[in-house]
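*Asks:* Provided herewith is a single structure, encoded as structure tokens, for subsequent inquiry.
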Amino acid sequence: MPVTSGVNHALRAGKAGADVIASTGMEAGGHVGELATLPLIPQVVDAVKIPVIAGGGIADGRGLAAALALGAGGIQMGTRLACTVECGAHINYKQKIVEANDRATVVMGRAFNDASRGYLNSYAQTLLDMEKTGATREDYIKFNANRSQRGFVEGDTEQGRILFGQIAGLIRDMPTCQEVIERTVTEALEVMARLGGVAASASRS
Ligand SMILES: Cc1cc2nc3c(=O)[nH]c(=O)nc-3n(C[C@H](O)[C@H](O)[C@H](O)COP(=O)(O)O)c2cc1C
């Protein structure tokens, strides 16, 4: 399934024969484009004729209901599912998600044509400084070597590459994937029922 971060991207994926696309806002963990989920999804939904899976900043049933309201056919959760029992990343990585607040992440590497969102640690700060001081892409590639291994596998949360999204500030536990899916769907149904009630009473008055 192609992952897209803008309307042009999505149109190209549709023309190339994709049956479904994911569209991910820049709140997301990992590689990002420039649009946030809220403006991105309805524009992509209106532009293409295939189902759109919304990602970026979704970690609970409120996010699922919002994505459906924007016209998405489903959701893609990255940061939420990375902080589960089943995720094979180092426990220190998952612990950083649990401890994160709303401002814990930053987009890094845009100057090197490799923008990604992750935890603002010493590694990320050095990268941001390199962007400001005119480092080359070769410098970046050299600096980045083995940083994912250090972060995700070895659990070095200061010098390793620790990717997660802005929604980490909402995540406070490490459940199983099954628990995440079940409570996300249950909460989305509650939200939609509540909104349905609001709509029904508005149409009666
Ligand atoms: C640690 C991490 C690694 C990721 N790796 C990939 C990847 O290899 N390919 C990809 O298409 N998306 C990747 N993503 C993005 C997710 O598939 C998803 O689009 C994104 O995490 C959704 O936003 P969220 O993190 O706010 O839930 C990654 C995300 C994270 C957090």
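*Asks:* Carbon and sulfur together cover what percent of the accessible area of the chain at a 1.4 Å probe radius?
*Replies:* Looking at the chain in its full context, I get 55 percent from C and S.
*Asks:* Then there is this: Would you list which lysines come within 26 Å of K142, measuring only between C-alpha atoms, while excluding same-chain residues fewer than 8 positions from it?
*Replies:* K96, K132
*Asks:* What figure in square angstrom, to the nearest 10, would you give for the accessible area of H90 with a 1.4 Å probe?
*Replies:* Here the accessible area works out near 60 Å².
*Asks:* Given +1 on the Cβ of Lys and Arg, -1 on the Cβ of Asp and Glu, and no further charges, what dipole in debye does the stretch 49-125 carry about its Cα centre, rounded to the nearest 20?
*Replies:* It comes to approximately 140 debye.
*Asks:* Could you work out, for the stretch 139-205, what percent of all Cα-Cα pairs fall into each 10 Å distance bin, beginning at 0 Å and stopping at the bin that holds the largest distance?
*Replies:* Cα pair-distance distribution for the stretch 139-205, in percent: 16, 25, 23, 18, 11, 7, 1.
*Asks:* Given the DSSP H assignment, sum -39500 (n - 2.57) over each helix run of at least 4 residues in the chain and divide by its residue total; what's the result at 222 nm in deg cm²/dmol, nearest 500?
*Replies:* That calculation yields -13000 deg cm²/dmol at 222 nm.
*Asks:* Treating the angle as unsigned and between 0 and 90°, give the value, to the nearest 10°, between the Cα long axis of helix 177-204 and the longest Cα principal axis of the chain.
*Replies:* Relative to the chain, helix 177-204 is tipped by roughly 40 degrees.
*Asks:* From the phi of every residue in the stretch 16-22, what ³J(HN,Hα) in whole Hz does the Karplus formula 6.51 cos²θ - 1.76 cosθ + 1.60 yield, where θ is phi - 60° and glycine or proline is x?
*Replies:* Once rounded to whole Hz, the list reads 6, x, 5, 7, 7, 10, 9.
*Asks:* Just read off the accessible area of K94 with the full protein assembly in place, 1.4 Å probe, to the nearest 10 Å².
*Replies:* The accessible area comes out at roughly 10 Å².
*Asks:* How much accessible area does Y93 have with a 1.4 Å probe, in Å² rounded to the nearest 10?
*Replies:* Counting only protein heavy atoms, Y93 exposes about 10 Å² to solvent.
*Asks:* In straight Cα distance, which lysines are under 16 Å from K94, not counting same-chain residues fewer than 8 positions off?
*Replies:* none
*Asks:* How large is the Kirkwood hydrodynamic radius of the stretch 1-145, in angstrom, based on all distinct alpha carbon pairs?
*Replies:* 16.4 Å
*Asks:* Something else: What lysines could a cross-link reach from K15, if we take a straight Cα to Cα line under 18 Å and drop same-chain neighbours fewer than 8 places away?
*Replies:* K49
*Asks:* Simple spin-label model, 7 Å along Cα-to-Cβ: E182 to L68 in nm?
*Replies:* 1.9 nm
*Asks:* If you don't mind, there's one more thing I want to ask. How high is the relative contact order of the stretch 35-74? Use alpha-carbon pairs under 8 Å, at least six apart in sequence, and give a whole percent.
*Replies:* 47 percent
The values are calculated or read from the model by the stated rules, or taken from the named source; none is laboratory data. On a predicted model such as this, the values are computed, not experimentally measured, just so you know. Quick reminder, even Gly has a Cβ in these numbers, built from the backbone with ideal geometry, and neighbours come from all protein chains shown. What goes into the accessible areas is simple: the full protein's heavy atoms, side chains included, and nothing from ligands, DNA or RNA. Shrake-Rupley method; radii C 1.70, N 1.55, O 1.52, S 1.80 Å.
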